[in-house]
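Right, one structure below, let's go through it.
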Protein chains: 2
Amino acid sequence: MAVTETQATTDLEFVRQLGQQLRVDSIRCSTAAGSGHPTSSMSAADLIAVLIARYLQYDWAHPKDPNNDHLIFSKGHASPLYYAMLKAVGAVTDAEMMTFRKFGSRLQGHPTPAIPWVDVATGSLGQGLPIAVGVALAGKYLDKLPYHVWCLCGDSELAEGSIWEALDKAGFYELSNLTAILDVNRLGQRGETEYGWNTDIYRRRAEAYGCTPVVIDGHDLTAVDRALGSSLSNTGRPTVVIAKTIKGKGFPEIENKDGWHGKALPPDMAERAIKELGGIRNLKIKTGRPERGTPAQKRKDGSSAAPKVTLPTYRKEDKVATRKAYGDALLALAAIPDVVAMDGEVSNSTHADEFAHAHKDRFFEIYIAEQQLVATAVGMSVRGYKPFASTFAAFFSRAYDFIRMAGISQANIRLVGSHAGVEIGQDGPSQMALEDIASMRAIHSSTVLYPSDPNQTAKLTQLMAGLDGIAYMRTTRGAYPTIYGPNETFKVGGAKVVRQSPKDRVTLIGAGVTLHNCLDAADALAKKRIAARVIDLYSVKPVDVKTLREAARVTTGRFVIVEDHYPEGGIAAAVMEAFAEEGGLHVAHLAVKGLPTSGTPQELMNAAGISAKQIVAAATKLAARK
Amino acid sequence: MAVTETQATTDLEFVRQLGQQLRVDSIRCSTAAGSGHPTSSMSAADLIAVLIARYLQYDWAHPKDPNNDHLIFSKGHASPLYYAMLKAVGAVTDAEMMTFRKFGSRLQGHPTPAIPWVDVATGSLGQGLPIAVGVALAGKYLDKLPYHVWCLCGDSELAEGSIWEALDKAGFYELSNLTAILDVNRLGQRGETEYGWNTDIYRRRAEAYGCTPVVIDGHDLTAVDRALGSSLSNTGRPTVVIAKTIKGKGFPEIENKDGWHGKALPPDMAERAIKELGGIRNLKIKTGRPERGTPAQKRKDGSSAAPKVTLPTYRKEDKVATRKAYGDALLALAAIPDVVAMDGEVSNSTHADEFAHAHKDRFFEIYIAEQQLVATAVGMSVRGYKPFASTFAAFFSRAYDFIRMAGISQANIRLVGSHAGVEIGQDGPSQMALEDIASMRAIHSSTVLYPSDPNQTAKLTQLMAGLDGIAYMRTTRGAYPTIYGPNETFKVGGAKVVRQSPKDRVTLIGAGVTLHNCLDAADALAKKRIAARVIDLYSVKPVDVKTLREAARVTTGRFVIVEDHYPEGGIAAAVMEAFAEEGGLHVAHLAVKGLPTSGTPQELMNAAGISAKQIVAAATKLAARK
């Protein structure tokens, strides 16, 4: 390798050389890997060269410094460029850069927080910008620090509605601390993008979303320099730099040619390209150091002691919906200064409105845009806040890809979905979450909680504040009897045996509303002289294997599992997966097997076969089993 | 009830009366139900009155007439208005209208295809318009019929990115046969919408998306009339009627007042309102009858005989990726004239490009907009086509809410997700579907298929063409040995025993890539004198209970289940759910338990613990179990 160490300067000729180095390195590491996206990196190389040479304020030695700018590659497939940039700023060595995409390397196919400078995993297009909006919201309204959020987007991903949800909120919340850089290289994976180089369409849209568009030639360094510079002085509006670029720029054999997306150059071609681009360089750039400052929100917490949270409590005679208890508990958790909340325009139903009214400065109304709702939570998690995002449980399905990616990003977010199951009644199946437990259980790093009682809900909400990963809680629309006293304790991975005797012949397992049905059924079974153990499986993931095993032992594996959820992948699956190696279970599984309609909650639970009388029938049959 | 039958005329005074009737009936049925959204109905009553009196061409006696216009309530919560309209056109009686939201009534809380005039279930906001775009695409490019697609949207849902994905495609595909009517009543569920009555923002956005916006006062009947009329003569562009309206219009006590979303009026208030609105009416309107015509696409199929499909076949020595076989089979299925396809800008990876190149007229490039991708499929299913939509399996998670709603809509769509699991290798976890089996299994009416071999893939693709409901197939990136001959048969709910002997001591269960690992493991186990049965569980939902039971009997419940998927809710859950009542299983469950990185497929399968050697270890341990 030619060693051409150069002192960092910021004259544009140096920046030009830096851009060429980024291209060369993008080619080198992807050719070494035998896969990757060099051409998508080459189109954006000049944009990134100008950014890191002149505008980005970042202390690479301290990636968690709250004053750092943020740089998110929404087009995560330009990872070769990202890693080439890390080499140029001295964060990784050339040797490490060359481990790209190899097993065991932290430089994965798409960037992930396996490396400390990456805020979030990208690679599912249309997500980086929404998350950047979340970070920028934190910067402007919580941290109140001057850091800038830069986001590199591809043009293919501009077809995703989530990009426009993001720009909409960026405009609405006047995020002048955000710059989206659109790398309009015209070519997508399988041909021309929807609008090719018609940058005017993007300009008009950005404008219509309350952003300041700047259309430039993305290889004209002076123009790039001016555009990025102007975005720092933009007030009241986010900037959208719309850069017309050439895919594969710098190597005429592949420049602007179809068929070169996501392909490493073969070694001989790579050699020619590197030569064309001026050979291997080793330029180093010193990015600007960020200004000092302390996040405003955190400053409020003067003491180092843990903040005192006084949870709401409920009396045995109270009937309080778990969604209401969630709202009460969230309000109490406001004592923790880094607890923040956001909702999708249904806070009067989820009861996040209690927090919203009392702590306007820490509540973000995202309106009916669930992808941006979750992205905002992820962005705030990047800045170390403890976000609680709420909407109807059914509508988190709108953001499922964002939740999936949040798991890969190792984000710490809390999602609370209300109005779950047929229990919601008259509104009908469009508003019923009947697949949320299955889908949320299958998320990496997820915890799934489903309380049945207000005291329990309050305790679980508090637990969630301290949880890492994706914590999901399902709350219920209706109000049911209070089961637990305010001093009862709960834990992630716990379960409660709410009825038991040594003579138990069958175990009834429910959570949320079906726990109440199980308790009613146990009463009815007692009259039939069938002693039934009742387990509250409030922690659906992870499940309490020990309590389940003990119940299986006592009731010789006779379980009636009842869930207000479709039969697949829900509570019964959680139990059976936990017992996989044990064997010996004999499960009657009551779940929502058909498509529900409208009706009262009781009518719909009867129709679905999950109400007390059906539990009694199933348990009676199972108890008779030898 | 005052019986005021009036002959249908279309003078505007009659239309005004009709609008008042729609309001009165919206109030009546929701007050009788004790829940519902009368105020959201009242704001749009004049819009719908003009539409049905003067523009909608619809034969209510023949809802499946291909010449009918389509009317989709994207704001599904305005269901009282929808049902009041059905009464006004004579499709339902007043008595049936009054069963709204009651158990057993087909007039559910939000409209569903339980009634024949409803194309799709709505109620999850931001979905009706994308589906309307799908219907309009079918109208313009497949049916080539003059029917018009009308879609009533709320203003709250304009915050959903999916609305803009839809308008983007409507503009791009020049759907002048589509009119979106935006009921801008300023108030959402919990207060003012993001932009209130700032109709200019919506105007500029609609314009930027290639649509013709018309801003009107939605209670000025002349203006409404002109706007709807103009949309029929609009060429080359969809029309977006932006109607400023008043929530609760017609009853001053609640007009434009917060706190009245989703609330039925109490009986006394309802009485006052009905009086204010001129009392109960019984006006009937004869909507225009549609022009006659025959769908162009279907006409191509001159004969009444079933079209002959010649599936591709593969030799034992071929190594062909299942995604490639899918592309080949889809191309063969083009012999069926109502097979259509769409892809999210990755058709060269999913191999839908074979169909796209050969049948440009039946292929729709949706670019990277997975919500619109699924919505397009649903819209074409409304028109009786057999859509196959494809993208990377991971990215269907972007459209999970649309898939959930498609299940409720009883749509018949086929989704094919390629590049599933850690098997994809270097691209890393953002591109790996590791939760798709769990999430897709939990969809109402879903079928989940996961082939391992090209002949099988071709057969299953053909089966999918005939399936009702949501059929999902997971295909694999890499090429593996061909297992089956071209004459092998497969069925939904089937499984194949690919290795067996009466001495089998353990059963290995895999599907897709893990079936190949199971076969390798069985070879290795044979050398250790452990006879292993191998089951190809290609139909993950429904599963073949009989084959599994027989295997459990022979191998005394010893199952090694191997899946390239997170442990929750996937193949093992499918098996265990099927055995719930049986008991006796002893399952070693090999799945992707950590967060994968980049690497070769083999490295990643090893790291995840799902490769042959780990299957051997698990099977050996299990076989030794008493």
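Structure above, values below:
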| item | result |
| --- | --- |
| Some residue of region B:377-386 being over 30 Å from B:GLY76 (Cα atoms) and crowded, with 24+ Cβ neighbours inside 10 Å | no |
| When residues of region B:120-145 are limited to those that are under 18 Å from the mean Cα position of the chain (by Cα) and more than 14 Å from chain A (Cβ to nearest Cβ), the one surrounded by the most Cβ atoms within 10 Å (Cβ to Cβ) | B:GLY134 |
| For A:GLY188: the one exception among (1) within 14 Å of chain B (Cβ to nearest Cβ); (2) within 27 Å of the chain's Cα centre (by Cα); (3) surrounded by fewer than 22 Cβ atoms within 10 Å (Cβ to Cβ); (4) of a type in the set (Gly, Ala, Ser) | (3) |
| Given (1) surrounded by 23 or more Cβ atoms within 10 Å (Cβ to Cβ); (2) facing chain B (nearest Cβ under 7 Å); (3) of a type outside the set (Phe, Trp, Tyr); (4) outside any loop (DSSP other than H, G, I, E, B), index of the condition A:GLU603 fails | (1) |
| The listed residue being under 18 Å from B:ALA608 (Cβ atoms), touching a residue at least 24 places away in the same chain (Cβ under 8 Å) and of a type in the set (A, V, I, L, M), out of B:VAL560, B:VAL554 | B:VAL560 |
| Filter result (β-branched (Val, Ile, Thr) and more than 8 Å from chain A (Cβ to nearest Cβ)) within region B:102-119 | B:ILE115, B:VAL118 |
| Given (1) within 9 Å of chain B (Cβ to nearest Cβ); (2) of a type outside the set (Lys, Arg); (3) buried (at least 24 other Cβ atoms within 10 Å of the Cβ), index of the condition A:ASN348 fails | (3) |
| Subset of region B:149-163 that is under 27 Å from B:GLU192 (Cβ atoms) and of a type in the set (A, V, I, L, M) - its residue that is nearest to the other protein chains (Cβ to nearest Cβ) | B:ALA159 |
| Pick from region A:420-469, criterion away from chain B (no Cβ under 13 Å) and among the β-branched types (Val, Ile, Thr), ranking: farthest from the chain's Cα centre (by Cα) | A:THR457 |
| Close pairs from region B:598-626: first within 17 Å of B:ALA526 (Cα to Cα), partner polar (S, T, N, Q) and surrounded by fewer than 23 Cβ atoms within 10 Å (Cβ to Cβ), Cβ under 8 Å, at least 6 apart | B:SER611/B:GLN602; B:LYS613/B:ASN606; B:GLN614/B:ASN606 |
| Scan of region B:554-567 for residues that are within 14 Å of another protein chain (Cβ to nearest Cβ) and of a type outside the set (Asp, Glu), ordered by number | B:THR555, B:THR556, B:GLY557, B:ARG558, B:PHE559, B:VAL560, B:ILE561, B:VAL562, B:HIS565, B:TYR566, B:PRO567 |
| Filter result for A:ALA166 (at the interface with chain B (Cβ under 9 Å from one of its Cβ atoms), within 16 Å of the chain's Cα centre (by Cα) and within 25 Å of A:GLY288 (Cα to Cα)) | no |
| Every residue from region A:606-626 that is over 19 Å from A:ILE509 (Cβ atoms) and either crowded, with 19+ Cβ neighbours inside 10 Å or of a type in the set (Lys, Arg) (or both) | A:LYS626 |
| Residue that is surrounded by the most Cβ atoms within 10 Å (Cβ to Cβ), among those in region A:219-236 that are polar (S, T, N, Q) and closer than 19 Å to A:GLU207 by Cα | A:SER231 |
| Among (1) within 22 Å of B:GLU423 (Cβ to Cβ); (2) within 14 Å of another protein chain (Cβ to nearest Cβ); (3) more than 30 Å from the chain's Cα centre (by Cα); (4) acidic (Asp, Glu), the one test that B:ASP520 misses | (2) |
| Candidate set from region A:206-218 (those that are surrounded by 18 or more Cβ atoms within 10 Å (Cβ to Cβ) and not in a loop (DSSP other than H, G, I, E, B)); member that is farthest from the other protein chains (Cβ to nearest Cβ) | A:ILE216 |
| Every residue from region B:400-419 that is touching a His at 6+ places or on another chain (Cβ under 9 Å) and facing chain A (nearest Cβ under 8 Å) | B:ARG404, B:GLY407, B:ILE408, B:GLN410 |
| Test set (1) part of a loop (DSSP other than H, G, I, E, B); (2) more than 14 Å from every other protein chain (Cβ to nearest Cβ); (3) over 30 Å from B:PHE392 (Cα atoms) - A:GLU174 fails condition number | (2) |
| Top-ranked residue of region B:579-590 - restricted to ones that are buried (at least 22 other Cβ atoms within 10 Å of the Cβ) and part of a loop (DSSP other than H, G, I, E, B), ranked as farthest from the other protein chains (Cβ to nearest Cβ) | B:PHE579 |
| Pairs where the first residue, in region A:155-175, is more than 16 Å from A:ARG186 (Cα to Cα) and the second is β-branched (Val, Ile, Thr) and part of a helix (DSSP H, G or I), C-beta under 6 Å, 6+ apart | A:ALA166/A:VAL133; A:LYS169/A:VAL133; A:ALA170/A:VAL133 |
| Some residue of region B:566-578 being crowded, with 23+ Cβ neighbours inside 10 Å, β-branched (Val, Ile, Thr), at negative phi and not in a helix (DSSP H, G or I) | no |
| Condition met for A:ALA377 (outside any strand (DSSP E or B), away from chain B (no Cβ under 12 Å), within 20 Å of A:HIS419 (Cβ to Cβ) and of a type outside the set (D, E, K, R)) | yes |
| Single residue of A:LYS527, A:LYS546, A:LYS626 found to be at pLDDT below 90, more than 18 Å from A:ILE483 (Cβ to Cβ) and more than 11 Å from every other protein chain (Cβ to nearest Cβ) | A:LYS626 |
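Each row is one residue, and each column tells you yes or no for (1) within 14 Å of chain B (Cβ to nearest Cβ); (2) in contact (Cβ under 8 Å) with a residue 12 or more places away in the chain; (3) under 21 Å from A:VAL50 (Cβ atoms); (4) assigned to a helix (DSSP H, G or I).
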position	(1), (2), (3), (4)
A:ARG204	yes, no, no, yes
A:THR222	no, yes, yes, yes
A:THR235	no, yes, no, no
A:LEU265	no, yes, no, no
A:ALA270	no, yes, no, yes
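The values are calculated or read from the model by the stated rules, or taken from the named source; none is laboratory data. These figures come from a predicted structure and were not determined experimentally. Note that we place each Cβ from the backbone using ideal geometry, even for glycine, and neighbour counts take in every protein chain shown.
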